[in-house]
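The values are calculated or read from the model by the stated rules, or taken from the named source; none is laboratory data. Small disclaimer: the values here were computed from a predicted structure and weren't measured. Cβ atoms come from the backbone with ideal geometry, glycine included; neighbour counts cover every protein chain shown. Accessible surface is based on the protein model in full, side chains and every heavy atom, while ligands, DNA and RNA are left aside. Shrake-Rupley method; radii C 1.70, N 1.55, O 1.52, S 1.80 Å.
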Amino acid sequence: NVPVTEQDTINEVKGIINRNIGKEYEDWFTFEIGPEGKYDYYEIENGANGKIHITGNDGISLASGLNYYLKYYCNVSITQVGSQVQMPQKAAPVSQKIHKDCKVPVRYAYNYCTMSYSMPFWGEQEWRKELDWLALNGVNVVLDVTAQEEVWRQFLNALGYSHQDAKDYIAGPAYYAWAYMANLSGYGGPVHDSWFAKRTELARKNQLVMRKLGMQPILQGYSGMVPVDIAQKAKGEYALDGADVISQPTWCSFQRPYMLKTTAAAYEKYAELFYQCQKNVFGDVTDYYATDPFHEGGNTGGMNPADDADVPVFVGRFNIGAVSLH
């Protein structure tokens, strides 16, 4: 809940210059947060003392304007796999004011599969580079499962699982995509206790950067996923009738987690608890949630999206996919 000022936003954009082409080039530019318009926009014009003045309605727009100028006036290319950042001797003036609108309000990056492989092992440096690149390319909504294992640890503890039981359920980092798509649990784990705190600290840092730039993370939605022994472990108000649980087959020889029926009253309690735990870990940082249940099959228990229910129903595959923006 740290307040974000316009100067915080401008400082983040200057940081992109500093990290990617050199601190000495920060002085080439001035930035201004302009009024909100119908669309996200940026404007580039000649400023005082030979500087380039960029106006935008938020940090992503400012960064997009910066990237446009670097590409088309400095022949600079900043990419995920290598960059050409040899700058000219001085800032090239623009012939006339440049105005660009973006008529697509949500520019989304990643899907669940990108959350595994090497990405779970990224530290602050890798994430900082990636967030710079996303901002330069106009992305404003980012799928982010960093520290979801801490959400699940708290969630399972509240249901009645011991600390070790919760750790045994949570998959190892290289398998997070399949764990959060309800394909497996536990495999590659358990992680060390210190992992939970370190990942939570990283997620909070990243999400504060996102807020300063005008991005939102997409956090995990609750689709009803539960451990296979939930009926035996859940305690108190979270105790379950076996009829509320949909058993699942295997996926590539891995036992899938079970699923709660989203039409059951228990689902509403479990979902409320899950989002409480998630808010405890991250705070109020987003309007966007994603889930991908029944990935490559699974047993829906006869449910379908037309079922009459007082709670959201997540049935079938839900995966927007990755978007490339230019």
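Data for the structure
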{"read-out": "Condition check for Ser194: open to solvent by 30 Å² or more (accessible area, probe 1.4 Å), without any contact (Cβ under 8 Å) to a residue 40 or more places away in the chain and polar (S, T, N, Q)", "value": "yes"}
{"read-out": "Condition broken by Val4, with the remaining ones in (1) closer than 21 Å to Pro93 by Cβ; (2) in contact with a Lys or Arg (Cβ under 6 Å, 6 or more places away or on another chain); (3) touching a residue at least 24 places away in the same chain (Cβ under 8 Å) satisfied", "value": "(1)"}
{"read-out": "Options Tyr238, Tyr288: the member that is open to solvent by 60 Å² or more (accessible area, probe 1.4 Å) and among the aromatic types (Phe, Trp, Tyr)", "value": "Tyr288"}
{"read-out": "Whichever residue in the stretch 111-121 is open to solvent by 20 Å² or more (accessible area, probe 1.4 Å) and either in contact (Cβ under 8 Å) with a residue 60 or more places away in the chain or of a type in the set (Ser, Thr, Tyr) (or both) and, among such residues, is nearest to Lys198 (Cα to Cα)", "value": "Ser118"}
{"read-out": "Identity of the residue in the stretch 122-137, touching a helix residue (DSSP H, G or I) at 6+ places or on another chain (Cβ under 7 Å) and open to solvent by less than 10 Å² (accessible area, probe 1.4 Å), that ends up farthest from Leu70 (Cα to Cα)", "value": "Trp127"}
{"read-out": "Every pair of residues 6+ apart whose Cβ atoms lie under 8 Å, when the first sits in the stretch 25-36 and is under 15 Å from Cys74 (Cα atoms) while the second is at pLDDT 95 or above and of a type in the set (S, T, N, Q)", "value": "Glu26/Asn18"}
{"read-out": "Qualifying residue in the stretch 201-219 (condition: surrounded by 20 or more Cβ atoms within 10 Å (Cβ to Cβ), without any contact (Cβ under 8 Å) to a residue 60 or more places away in the chain and on the phi < 0 side of the Ramachandran plot)", "value": "no"}
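Results for (1) in contact with a strand residue (DSSP E or B) (Cβ under 8 Å, 6 or more places away or on another chain); (2) surrounded by fewer than 20 Cβ atoms within 10 Å (Cβ to Cβ); (3) of a type in the set (Phe, Trp, Tyr); (4) over 30 Å from Gly56 (Cβ atoms), shown as yes or no for each residue.
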site: Met225; (1), (2), (3), (4): yes, no, no, yes
site: Pro249; (1), (2), (3), (4): no, yes, no, yes
site: Ala265; (1), (2), (3), (4): no, yes, no, yes
site: Tyr270; (1), (2), (3), (4): yes, no, yes, yes
site: Thr300; (1), (2), (3), (4): yes, yes, no, yes
